[in-house]
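The values are calculated or read from the model by the stated rules, or taken from the named source; none is laboratory data. Bear in mind the structure is a predicted one, so any value in this text is a computation, not a measurement. Quick reminder, even Gly has a Cβ in these numbers, built from the backbone with ideal geometry, and neighbours come from all protein chains shown.
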């Protein structure tokens, strides 16, 4: 039956069924908190991995930085809601006002820099960093005292349930936006200077973020994050509709992007950077775009994860963890969204679900031995990934239908002499 | 005259200048790859750049298309200075090129290869891409139709959904030219288009080059090794050796130029006679 439907209709149908079934199972209590956690975690890691697939699978830039942006999204959105539930709107105001100001400044700055000839990478980088600092400085010093009471008042009028959802939405978006800004700033010098160093630089980025998170209460002015002791007291606001909507958003945005001319430009960079440049593609732009969008996905996933766990610890964002999305992407098949989605859930299910249950008590840590073995087998038996380049119809890049012959008289005007014609 | 041979028809000399290379020198470290190179192309000309291996021909192409930045000298396209501009901007101004060793997007379909070249003129932005707006759908349909028309012209219409890397060699060459032309250039630079072709394929290629020049109103500059192609097709030639220009003129004159015969043509020139 599904086969005869339009791909988009089939996708929506299946999506709705999954949504309703899981919601019912959760409401009835058939899925306990443990399984709920696994599903939510699976969704979060799937979003992170989809972002990485865009960067690595489709754009060809090997990145280990995904967990850094995941962490930024998690901590930023957690900080917003942490402060909010304690009656402090400053986090919300800073993230929103800072982001909007920064984006505005970026637009102005890019128009300004375009007027000059041969501006070096580091100059542009410096300008953008200064603009970002300026934007957030204004947000902290001006916007907080000005807008803080306004936010509290306006949201205070609404019923608590509604205002909570709005704050959560804004916190998620804010976390994602901050991850995007960080990736943009990081991407300018690193992506433009050469892809060979990109993997190493992103690994460095993840490590820097981890170290900063270890010292949030000393180096950074965020005592509520409690450094290496871990951040507690985050409201547990993530519900299944939020998880589902976020994942759906990520899938649809990524799919639409890839099916457009922008997506073709992104893929062409993976195929042959020099050739892409010489058919007029702005390679740097395409790389930065893929990198930022992928990081925004990771940031969004971070927010979802943080408000599910209600506890954040820097150790869960160390660089060993940052290999998780990489394994998922490679395992599912590079540049297969379907593969990443299935493998993302499967990975968490296997690692945290099935293996924990199957292995005898006391042997839980052995799952870290089992999964490299699975990975090794997989690499030997099916190196292109489980799904290769397979996509379900909705995600498949279908060729456009042939234009009708009537408006296609180009060939009739005279084609190239063919073999045999002469 | 600088950059041009004597005796080109006055009618051609009166046409607007498309490309102007003026005293260009390029070093790779201490290696002088191109020295004091001049060239001036007028609209609609079909000009060849020849020379033995390592003479610096492809380097000249790379300098024009912004792959390298000239150490000294000036390259102007319709009056705009190109030295220092990034490749994609140069291409978007109306210069397209092919490569000595074919560089297709070999895992993508034939149609996508051509459509990628449309990207700078896609006519919709990031927001349209993400939301798949009406504008997006219209422009996509337009683009697909145009690309299809292109493929039909090049006899690749039936192959639109084939993976580019799986095409036979001759068709890959053809697709590369189609992709270059999809960017809607006014100046086309062909880097050894006949490499690896047999005499019959070269004849077809000559027809193709003449055809696209007339059909797309192009100025064409080509680097080539194969005398059969160069001598028959180019209106005039510039000969390079060790990065310097050693001769310039009409094919018949170049063929008899003692410098050229000595440096490069040798046996083959005798063969053609």
* Within the range B:212-222, identify whether any single residue is touching a strand residue (DSSP E or B) at 6+ places or on another chain (Cβ under 9 Å), within 13 Å of chain A (Cβ to nearest Cβ) and over 21 Å from residue B:47 (Cβ atoms), and answer yes or no. => no
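Kindly indicate whether residue A:103 is over 25 Å from residue B:84 (Cβ atoms) and within 14 Å of chain B (Cβ to nearest Cβ).
Yes; evaluated as a whole, the condition is true for this residue.
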* Structure fact -> In the set A:171, A:176, A:153, the lone residue that is over 23 Å from residue A:240 (Cβ atoms) and part of a helix (DSSP H, G or I) is A:153
* Asked: Among the helices (runs of 4 or more DSSP H) confined wholly to the range A:33-147, which include 2 or more residues that are within 20 Å of residue A:292 (Cβ to Cβ) and out of contact with any helix residue (DSSP H, G or I) (no Cβ under 8 Å at 6 or more places or on another chain)?
  -> A:90-114, A:121-138
* Would the range A:341-355 turn up any residue that is modelled with pLDDT under 75 and either closer than 30 Å to residue A:5 by Cβ or away from chain B (no Cβ under 14 Å) (or both)? -> yes
* Among the residues of the range A:254-264, is any closer than 18 Å to residue B:105 by Cβ, at the interface with chain B (Cβ under 7 Å from one of its Cβ atoms) and not in a helix (DSSP H, G or I)? -> yes
* Structure fact -> Within the range B:138-167, restricting to residues that are more than 21 Å from the chain's Cα centre (by Cα), more than 9 Å from chain A (Cβ to nearest Cβ) and not in a helix (DSSP H, G or I), the one that is surrounded by the most Cβ atoms within 10 Å (Cβ to Cβ) is B:167
* Structure fact -> Note on the range A:232-253: residues away from every other protein chain (no Cβ under 14 Å), in a helix (DSSP H, G or I) and out of contact with any helix residue (DSSP H, G or I) (no Cβ under 7 Å at 6 or more places or on another chain) are A:241, A:245
* Among the residues of the range B:168-211, which ones are outside any loop (DSSP other than H, G, I, E, B) and touching a strand residue (DSSP E or B) at 6+ places or on another chain (Cβ under 6 Å)? -> B:180, B:187, B:188, B:189, B:190, B:191
* **Enumeration of residues in the range A:375-385 that are at pLDDT below 85 and in contact with a helix residue (DSSP H, G or I) (Cβ under 8 Å, 6 or more places away or on another chain)** => A:375, A:378
* Asked: Is it the case that some residue within the range B:19-32 is assigned by TED's automatic domain parsing to the domain that holds residue B:221 and closer than 22 Å to residue B:262 by Cβ?
  -> yes
* **From B:170, B:196, residue being more than 13 Å from residue B:109 (Cβ to Cβ), surrounded by fewer than 19 Cβ atoms within 10 Å (Cβ to Cβ), under 18 Å from the mean Cα position of the chain (by Cα) and within 9 Å of chain A (Cβ to nearest Cβ)** => B:170
* Among (1) outside any helix (DSSP H, G or I); (2) in the same structural domain as residue B:61 (by TED's automatic domain parsing); (3) buried (at least 16 other Cβ atoms within 10 Å of the Cβ), the one test that residue B:124 misses -> (2)
* Only one of these conditions is not met by residue A:276: (1) without any contact (Cβ under 8 Å) to a residue 12 or more places away in the chain; (2) within 14 Å of chain B (Cβ to nearest Cβ); (3) surrounded by fewer than 24 Cβ atoms within 10 Å (Cβ to Cβ). Which number is it? -> (3)
